[in-house]
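Below is one structure, written out as structure tokens; comments come after it.
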Amino acid sequence: MKAYSLFKKDWQSELRTRYAINALAMFILVTISVIMFSIGSEKISEYLTGGLLWVVIFFSAMSGLSRAFVSEEERGTTMTLHLIAAPSTIFSGKLIFNLLLVFLMNFVITFLFSILFNSFIIKNITLFAVAFLFGNIGIAISSTIIAAIISKASSKGTLYPVLSFPILLPLILTLLELTKFAMDGNSVSSSFVEIAVLVCYDVIMLTASYLLFDFIWEE
Amino acid sequence: MTNYTVELSNIVKYLGRRLIFDGINFSFSSQHIYGISGPNGSGKSTLVKIIANLISPTRGKVIHKNNLKKVESVKLHNHIGFVSPYLFLYDEFTAEENLLHFSNIRGISFNKERSDFLLNELKLIDRKNDLVRGYSSGMKQRLKFIFALLHQPPLIILDEPTSNLDNPGKEKVYELIKKEAENNLVIIASNEDSDIALCGQVIELEKFKRAI
């Protein structure tokens with residue numbers, strides 16, 4: 001409940017300041033436009049479109065999701081948070097906020113891909129939905145803990161992609177594989193190993209984040 | 001009436017290689033006002049941050065007890081009211097929205113009656129629905145007092161409590177501090193003579209330096 005209250009505060013604040021939403025919207029718009037211009041009238045393969053989808057999602061996450069903690073640091077309200085909530089509440093609240101942002105962002109990106117790219121054809125929607133669900137959860141968890149780490153650093157902009165790349169790489173590779181399977185029309189049961197990897201990644205990242213957050217949050 | 005105590009046991013703090021203070025041993029207890037004084041850079045803010053569990057000491061222990069029971073560090077935030085120049089509230093919210101969010105995040109129900117009482121005492125009641133962005137520095141300082149007192153904490157830590165306040169504001173703050181000290185523990189870190197004059201005992205940080 002306390003974490004939900006923190007999320008509510010963050011969401012209300014976001015609606016007033018548009019701190020992350022504007023950055024994300026602009027990034028998505030610009031990236032997809034650049035891809036469309038560079039492709040022109042060329043026909044690209046289905047697999048390549050699937051790959052591009054996750055590339056756009058990865059870089060959009062880089063540009064918007066760090067804001068959860070960075071905005072508090074920049075406004076000087078980190079200490080205020082220290083004084084009103086336990087570290088686990090803060091991490092949970094920020095995670096809910098990033099989950100919502102990731103799902104919104106990725107729905108928009110996937111929707112734009114489906115209407116703008118003819119080669120973006122998913123034959124097994126259920127498999128894609130499963131990958132999308134667990135993938136988004138993984139991106140949100142990883143981005144939240146990385147955002148907490150980099151918010152204390154002086155060169156936040158550089159550090160975020162540098163730290164994110166090795167942490168998100170196994171997730172993105174699994175998601176690319178699953179998207180390829182969904183495009184081929186493979187069944188959910190035949191993709192069990194990749195789905196299990198995805199779920200394990202989420203569980204490991206969530207556990208590690210809760211264990212580490214106390215140390216990160218302490219000055 | 002609560003019996004809140006804070007025990008500082010051999011507190012040492014280094015910032016990088018610079019020693020800030022060394023070997024502070026002190027006990028604070030309810031119904032008293034304590035002062036922490038020293039020149040600029042002597043570590044007043046650092047010490048109050050250590051007491052409030054915002055930063056850790058390099059060595060030593062801080063033990064908080066409420067009615068003789070040790071307070072767990074994860075629950076400490078709800079026992080502390082904190083005012084400081086480096087504390088910021090959310091500019092994009094009104095004063096009342098800030099207080100409402102803080103209560104909800106603390107997990108306590110928002111006491112509108114107390115909120116209005118404090119807003120009235122500190123002359124912010126007419127501006128409670130204005131965004132904090134439009135407040136003057138003095139008004140923000142008064143709002144910080146409400147933030148610190150709203151949840152009725154047994155420990156109130158005030159770092160430079162009267163900075164940015166005009167004379168009537170200072171008088172009101174002194175009145176509130178004395179009233180709070182009837183039941184609670186108040187610690188003031190300041191250089192202002194008038195702030196320190198309220199304190200029964202004062203820790204002079206200059207005495208806790210050693211040559212390195």
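Bear in mind these aren't lab numbers, they're just calculated from the coordinates by the rules spelled out. Here the structure is a predicted model, which means the values were calculated and not measured. Glycine also receives a Cβ, built like all others from the backbone with ideal geometry; neighbour counts cover every protein chain displayed.
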Would you mind checking which residues have amide H under 5 Å from B:V202's amide H? H placed 1.01 Å from N; only 5 or more apart, or other chain. B:G35
Ignore the peptide's own chain and count Cβ atoms of other chains within 10 Å of each Cβ in A:84-91; give me the average, rounded. 5
Using a Förster distance of 30 angstrom, determine the FRET efficiency expected from the C-beta separation of A:K8 and A:T207, and round it to 0.05. 0.70
If the chain between A:I125 and A:F215 were fully extended at 0.36 nm per residue, the gain over the current Cα-Cα distance would be 28.3 nm
Would you please state the base-10 log of I(q)/I(0) at q = 0.16 1/Å for segment B:4-208, with intensities from the Debye formula using one equal scatterer on every alpha carbon? -1.07
Using a Förster distance of 51 Å, how high is the FRET efficiency between A:A25 and B:F117, based on the Cβ-Cβ distance and rounded to 0.05? 0.75
Inter-probe distance in nm under a simple model that places probes 7 Å from Cα toward Cβ, at A:F103 and B:N40: 5.1 nm
Inter-part gap, Cα centre of segment B:18-67 to Cα centre of segment B:123-166, in whole angstrom, is 23 Å
For chain B, with a Gaussian network of springs between Cα atoms less than 10 Å apart, report the residue from B:L119, B:L76, B:L99 with the top mean-square fluctuation. B:L76
I need to check one value: relative contact order of segment A:2-217, counting alpha carbon pairs closer than 8 Å and at least 6 residues apart, in percent. 28 percent
Cα-based equivalent ellipsoid of the protein assembly as shown: semi-axis lengths in Å, sorted from largest, via gyration tensor: 49, 23, 19
With an 8 Å Cα cut-off and a minimum separation of 6 or more residues, compute the relative contact order for chain B in percent. 33 percent
Between segment A:141-205 and segment A:72-114, what's the alpha-carbon centroid distance in Å? 17 Å
When DSSP beta bridges are limited to those with both residues in the protein assembly as shown, what percentage is antiparallel, rounded to the nearest 5? 50 percent
Candidates B:V83, B:V186, B:V202, ranked by Gaussian network fluctuation over chain B, Cα under 10 Å, top entry: B:V202
Averaged over A:10-20, how many beta carbons belonging to a partner chain fall within 10 Å of each residue's beta carbon? 2
Per-residue average of Cβ from other chains inside 10 Å of B:101-109: 6
Under 11 Å from the Cβ of B:G60, count the other residues' Cβ atoms, weight Lys and Arg +1, Asp and Glu -1, and hand me the total. +1
GNM top mover of B:G38, B:G60, B:G16 - chain B, alpha-carbon springs below 10 Å: B:G16
How big, in percent, is the set of alpha carbon pairs in segment A:2-217 lying more than 21 Å apart? 54 percent
Efficiency of FRET from Cβ geometry, B:S163 and B:N129, R₀ 25 Å, rounded to 0.05: 0.45
